[in-house]
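The values are calculated or read from the model by the stated rules, or taken from the named source; none is laboratory data. Predicted model, so just to flag it, every value in this text is computed and none were measured. Here the Cβ positions follow ideal geometry from the backbone for every residue, glycine too, while neighbour counts run over all protein chains shown. Accessible surface areas use protein heavy atoms only, side chains included; no ligands, DNA or RNA. Shrake-Rupley method; radii C 1.70, N 1.55, O 1.52, S 1.80 Å.
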Amino acid sequence: MTKVSPTAAGQKAHPKKSVEASRRSFLVAGAATVVGGGVLATPAVLRAQTHTWNIQSGWPSGDIFHEFAQDYVNMVTSMSGGRLTMNLLPAGSVVGALELQDAIVGGALEGAHGVTAYWYGKNKAASLFGTPPAFGWNANQFLGWMKYGGGQELYNELVQDILGLDLVGFLTGPMPTQALGWFRQPITSPDEFSGLRYRTVGLAADLMEELGAAVTILGGPDIVPALDRGVIDAAEFNNPSSDRHLGFQDVSKHWMLQSFHQDAEAFELSFNRSRYESLDDDLRAIVKHAAEAASADMSWKAMHRYPPAQKSLVEDHDVNLYITPDEILEAQLDAWDAVIERNSAENEFFARVIESQRAWVRDVVGFDLINEAPKRKAYEHFFGEPPFPVTSL
C-alpha cells in the first residue's frame, strides 16, 4: 500500500517547517537583492562627480569675517562628503572686495562671501538686502524676513530678473549693531558731520551724505591706510574683532558706539547660478542649508569673540569708548526718512522691498516689544553696569 503525504493529500503542511522554509526563501531572495544592489550601487558611488570651487571672501585672511567664511566652506565640504570642495581665498586674491560679483558672473570665481552693500552701485535696492533701514529690528529678525517674509523672493527678482545676472545667493550671519565709527575727536552733534570725510558703504553712504558728510566707499583692507594718510577723517567697519585686526586702534583712540546707519546687517553668499544649478539636488541643498547652519554658528561665535576683543581695545590699546548722543541718533532716523522717500520715488522695486520690510517689522518687532522682558533691567539687577568703561562726552 502506497502512503500519500499529508501535503499531497491536500492537508496543511507542518507550521514550523513552513515558516522555516519561508524564512530561508526570504533570506536567499534578500541576499540576492543586496548583492545585486551592491553590484549596481558600487559603480554609482565610484562615478559620483566631485566639484572644486574657488570662493573669495571680501575680508583679509586674519579677519574673523574670513574665519566665518571658512566655517561655511568647511561645513559644505563635510556635509557633502568631499563631493563639493570650496577653496577659500582672502580679499584681493583674484579681485578687490568691491568687484566680487563681477568676478563670479565673469567666471573668475565660482562664489564669494561678502555683503550686498558692496554692489549697491548697480541698484540701490541691493543694500536693502544687507544694510536695511533702522526700523527697530535686529539682524536676526532681518534674516527672518529673508526666510519667511518674502525677502529671498525679492532678492532673486533683483539679481536674476532686474539685473539679469547669472547669480544665486543666500544671506547668512546676523551682525550686531555697528558702531558709529572711529574719529580723530569724538563728535557731539549732527552739525559736525558737515564736510566730514567719512567711510561707509551701501545706503549708509546715502544716510551720511544726508547728514552732510563727504562719503568715501572703501573695502575693509583699504580703510585704515586711508585714515592714517588723512584721506578720510573718520570711518566705520563693523565689530571689535575685525576693527582691531584691521588696526583702527593704531590711527585713532576714539570709538563711538551705537548708530542707526547699519543697525541690522548680514553677509551674502553668492554663487555662479549656472554652476550651482549643475550640481546634484543634494549638493544644491547643502550649499543652501549650510548657509543657515553657518548663520547660527556665526552668531554664537560672535558672542564668544567680540566682548574680549572690545576689552582688549580698551585695556591694551587705550581706546576710549563713547556712546553716540541721542541727538545724532535722532538725526539719523530723520535722514533715513529722506533716503527712503527719495529712493522709493525713483525706484519702484526699492519701494516694494521697503513695503515688504515694513510689514514684517510692524508685526515681528511689535510682538517682541510687548512680549520680551527688558533685558537691561535684569542685567543691572544682577551685575550692575556693563564691564566696559565709557568715556563721557
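Candidates in segment 265-281 are the residues that are touching a residue at least 12 places away in the same chain (Cβ under 8 Å) and in a helix (DSSP H, G or I); of these, the one that is surrounded by the most Cβ atoms within 10 Å (Cβ to Cβ) is Tyr276. Given the criteria out of contact with any Lys or Arg (no Cβ under 8 Å at 6 or more places or on another chain), under 20 Å from Leu98 (Cα atoms) and hydrophobic (A, V, I, L, M, F, W, C), does Met256 qualify? Answer is no for this residue. Could you list, in sequence order, all residues of segment 179-190 that are out of contact with any Leu (no Cβ under 9 Å at 6 or more places or on another chain) and either open to solvent by less than 20 Å² (accessible area, probe 1.4 Å) or without any contact (Cβ under 8 Å) to a residue 24 or more places away in the chain (or both)? Once the filter is applied, which keeps residues that are out of contact with any Leu (no Cβ under 9 Å at 6 or more places or on another chain) and either open to solvent by less than 20 Å² (accessible area, probe 1.4 Å) or without any contact (Cβ under 8 Å) to a residue 24 or more places away in the chain (or both), segment 179-190 yields only Gly181. For segment 62-103, a residue qualifies if it is part of a helix (DSSP H, G or I) and of a type in the set (A, V, I, L, M), and the qualifying residues are Ile64, Ala69, Val73, Met75, Val76, Met79, Ala97, Leu98, Leu100, Ala103.
Scanning segment 251-262 for residues that are open to solvent by 20 Å² or more (accessible area, probe 1.4 Å) and either without any contact (Cβ under 8 Å) to a residue 60 or more places away in the chain or within 21 Å of the chain's Cα centre (by Cα) (or both) turns up Gln258, Phe260. Selection of first residues in segment 51-70 that are under 11 Å from Asn87 (Cα atoms) and among the aliphatic types (A, V, I, L, M) and of second residues that are in a helix (DSSP H, G or I) and at pLDDT 95 or above, restricted to Cβ pairs under 7 Å at least 6 apart or on distinct chains, gives the following pairs, ordered by first then second residue: Ile55/Val73.
Might you check whether a residue that is under 28 Å from the mean Cα position of the chain (by Cα), under 21 Å from Gly151 (Cα atoms) and surrounded by 10 or more Cβ atoms within 10 Å (Cβ to Cβ) occurs anywhere in segment 371-391? No: zero hits.
Residue count for segment 104-126 satisfying the condition of being modelled with pLDDT under 95 and assigned to a strand (DSSP E or B): 0. The selection criterion, being more than 23 Å from Arg275 (Cα to Cα) and open to solvent by 20 Å² or more (accessible area, probe 1.4 Å), does not hold for Asn74. Given the criterion surrounded by 11 or more Cβ atoms within 10 Å (Cβ to Cβ) and either in contact with a Gly (Cβ under 9 Å, 6 or more places away or on another chain) or more than 30 Å from Ala213 (Cβ to Cβ) (or both), identify the matching residue among Ser356, Ser344, Ser312. Result: Ser356 is the single residue among Ser356, Ser344, Ser312 that is surrounded by 11 or more Cβ atoms within 10 Å (Cβ to Cβ) and either in contact with a Gly (Cβ under 9 Å, 6 or more places away or on another chain) or more than 30 Å from Ala213 (Cβ to Cβ) (or both). Residues in segment 94-108 that are farther than 18 Å from Leu171 by Cβ and touching a Leu at 6+ places or on another chain (Cβ under 9 Å): Val94, Val95, Leu98, Ala103, Val105. Among the residues of segment 234-245, is there at least one that is farther than 30 Å from Glu330 by Cβ, modelled with pLDDT of 95 or more and either open to solvent by less than 20 Å² (accessible area, probe 1.4 Å) or among the aromatic types (Phe, Trp, Tyr) (or both)? Checked segment 234-245: no residue is farther than 30 Å from Glu330 by Cβ, modelled with pLDDT of 95 or more and either open to solvent by less than 20 Å² (accessible area, probe 1.4 Å) or among the aromatic types (Phe, Trp, Tyr) (or both). Of everything in segment 315-327 that is in a helix (DSSP H, G or I) and in contact (Cβ under 8 Å) with a residue 60 or more places away in the chain, the residue that is least open to solvent (accessible area, probe 1.4 Å) is His317.
The single residue among Ser295, Ser312, Ser274, Ser278 that is at pLDDT 95 or above and in contact with a strand residue (DSSP E or B) (Cβ under 6 Å, 6 or more places away or on another chain) turns out to be Ser295.
If you go through segment 135-155 and keep only what is in a loop (DSSP other than H, G, I, E, B) and either hydroxyl-bearing (Ser, Thr, Tyr) or open to solvent by 20 Å² or more (accessible area, probe 1.4 Å) (or both), you end up with Phe135, Gly136, Asn138, Gly149, Gly150. Of everything in segment 198-233 that is more than 21 Å from the chain's Cα centre (by Cα) and closer than 16 Å to Ser127 by Cβ, the residue that is surrounded by the fewest Cβ atoms within 10 Å (Cβ to Cβ) is Glu209.
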